[in-house]
Amino acid sequence: MSDTKHKIIIAVDGFSSCGKSTFAKAIAARLGYIFIDTGAMYRAVTLYALEHGAIRSGIVDEEEVVRLLDQISITFRFNPERGASDIYVNGDLAEGKIRTIEVSNCVSRVSAIPEVRRKLVAMQQEMGRRKGVVMDGRDIGTVVFPDAELKLFMTADPAVRAQRRYKELVEKGDPVTLEEIERNVRERDKADMSRAVSPLRQADDAVVLDNSHMSVEEQMAWFMELYRQRING
Ligand code: DC
């Protein structure tokens with residue numbers, strides 16, 4: 001916070017399960033910025049679609065999802081215990097329900113629907129209007145805030161990412177296998193990069209961070225150096 005001359009937008013994009021949220025959250029806490037997890041928003045729409053019959057046996061009824069969109073109100077409320085905001089869908093706490101394997105398996109298809117992206121991108125742009133945000137996602141530096149002052153593109157070895165997500169889910173008591181998680185990670189990479197609307201790609205002016213073998217502390221030291229250069233540059 002001390003060396004912030006003015007607030008900026010920090011876009012953190014990259015592959016799934018490479019620690020984007022953990023890292024973006026840590027940056028936000030360090031700078032006194034607001035952290036916004038846009039993946040949680042796509043997950044929240046997917047959860048609502050699952051709960052309201054727009055996804056059955058893994059088949060996404062796109063028209064039905066679009067029809068439901070107007071009924072979905074997404075809000076964030078800061079949770080001091082987590083040091084981050086919890087996501088609410090129509091006023092109900094959804095944080096714990098959006099990170100299941102069921103939601104993970106359907107979210108790429110839901111997030112490829114143009115109307116879903118249009119609605120969520122508009123919300124994200126509004127949230128970042130006053131700057132001072134660290135926004136994590138797939139298209140933040142390319143579509144949501146192409147003029148963001150600092151853009152990171154995070155990546156890590158798929159096997160390392162699968163191992164991380166597996167540990168997270170097992171700790172929560174989810175009965176998953178490492179093979180299942182690795183398959184999901186690879187399938188989502190492919191789906192996120194090949195969708196027609198806002199595919200995952202590195203912005204030309206993004207700085208790459210491969211954290212396969214870096215601790216959060218090491219990443220933070222690396223980031224703060226970059227941040228100071230940008231702010232003072
Ligand atoms: O970051 P995550 O794994 O929680 O994101 C969930 C899904 O949402 C991911 O498969 C891709 C999609 N997503 C997206 O399309 N655009 C974003 N800005 C954020 C996430």
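The values are calculated or read from the model by the stated rules, or taken from the named source; none is laboratory data. None of these values were measured; they are calculated from a predicted model. Positions of Cβ are backbone-derived with ideal geometry, glycine not excepted, and every protein chain shown enters the neighbour counts. Please note that ligands, DNA and RNA were not included when accessible areas were found on the heavy atoms of the full protein model with its side chains. Shrake-Rupley method; radii C 1.70, N 1.55, O 1.52, S 1.80 Å.
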Review point. So, in segment 151-181, of the ones that are of a type in the set (S, T, N, Q) and not in a loop (DSSP other than H, G, I, E, B), which residue ends up nearest to Lys131 (Cα to Cα)?
Key: Thr155
Check your understanding: If the Cβ limit is 6 Å and pairs must be 6+ apart or interchain, which residue in segment 100-112 that is farther than 10 Å from Gly39 by Cα and free of Cβ contacts under 8 Å to residues at least 24 places away in the same chain pairs with which residue that is assigned to a helix (DSSP H, G or I) and near the ligand (Cβ under 8 Å from one of its atoms)?
Key -> none
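Would it be correct to say that Arg164 is within 15 Å of the ligand (Cβ to nearest atom), farther than 22 Å from Thr46 by Cα and touching a Ser or Thr at 6+ places or on another chain (Cβ under 7 Å)?
Values: within 15 Å of the ligand (Cβ to nearest atom): yes; farther than 22 Å from Thr46 by Cα: yes; touching a Ser or Thr at 6+ places or on another chain (Cβ under 7 Å): yes.
Yes: the conditions hold for Arg164.
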Check your understanding: Among the residues of segment 13-35, is any open to solvent by less than 30 Å² (accessible area, probe 1.4 Å), among the small types (Gly, Ala, Ser) and more than 28 Å from Asp157 (Cα to Cα)?
Key -> no
Study note, to complete from the structure: Apart from one, (1) under 26 Å from Ile98 (Cβ atoms); (2) in contact (Cβ under 8 Å) with a residue 40 or more places away in the chain; (3) not in a loop (DSSP other than H, G, I, E, B) all hold for Arg230; the odd one out is (1)
**Study point:** Residues of segment 27-46 classified as assigned to a helix (DSSP H, G or I) and in contact with a strand residue (DSSP E or B) (Cβ under 7 Å, 6 or more places away or on another chain), total
**Key:** 7
Practice item. Could you list, in sequence order, all residues of segment 143-153 that are without any contact (Cβ under 8 Å) to a residue 60 or more places away in the chain and surrounded by 17 or more Cβ atoms within 10 Å (Cβ to Cβ)? Key: Val143
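What residue, among those in segment 200-220 that are within 16 Å of the ligand (Cβ to nearest atom) and in a loop (DSSP other than H, G, I, E, B), is surrounded by the fewest Cβ atoms within 10 Å (Cβ to Cβ)? If you could, list the steps in order and put the result at the bottom.
So the first thing to find is which residues in segment 200-220 are within 16 Å of the ligand (Cβ to nearest atom), and the list is 200-203, 206, 209, 211.
Restricting the remaining residues to those that are in a loop (DSSP other than H, G, I, E, B) gives 200-203, 206, 211.
Values: Leu200: 21, Arg201: 15, Gln202: 17, Ala203: 19, Ala206: 21, Asn211: 22.
Across segment 200-220, the extreme among qualifying residues is Arg201.
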Practice item. Filter segment 59-92 for residues that are under 24 Å from Glu168 (Cα atoms), out of contact with any Leu (no Cβ under 9 Å at 6 or more places or on another chain) and within 15 Å of the ligand (Cβ to nearest atom) and give the result. Key: Phe76, Ala84, Ser85
Point to revise | Condition broken by Met193, with the remaining ones in (1) within 11 Å of the ligand (Cβ to nearest atom); (2) at pLDDT below 95; (3) in contact with a helix residue (DSSP H, G or I) (Cβ under 6 Å, 6 or more places away or on another chain); (4) of a type outside the set (Gly, Ala, Ser) satisfied | key: (3)
Review point. Pick from segment 93-104 the residues that are within 10 Å of the ligand (Cβ to nearest atom) and in a helix (DSSP H, G or I): which of them is modelled with the lowest pLDDT?
Key: Ser104
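Let's see how each residue does on (1) open to solvent by 40 Å² or more (accessible area, probe 1.4 Å); (2) more than 23 Å from Gln202 (Cβ to Cβ):
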position: Asp92; (1), (2): yes, yes
position: Val107; (1), (2): no, no
position: Ser111; (1), (2): no, no
position: Gln125; (1), (2): yes, no
position: Arg129; (1), (2): yes, yes
position: Gly137; (1), (2): no, no
position: Gly141; (1), (2): no, no
position: Thr155; (1), (2): no, no
position: Glu168; (1), (2): yes, yes
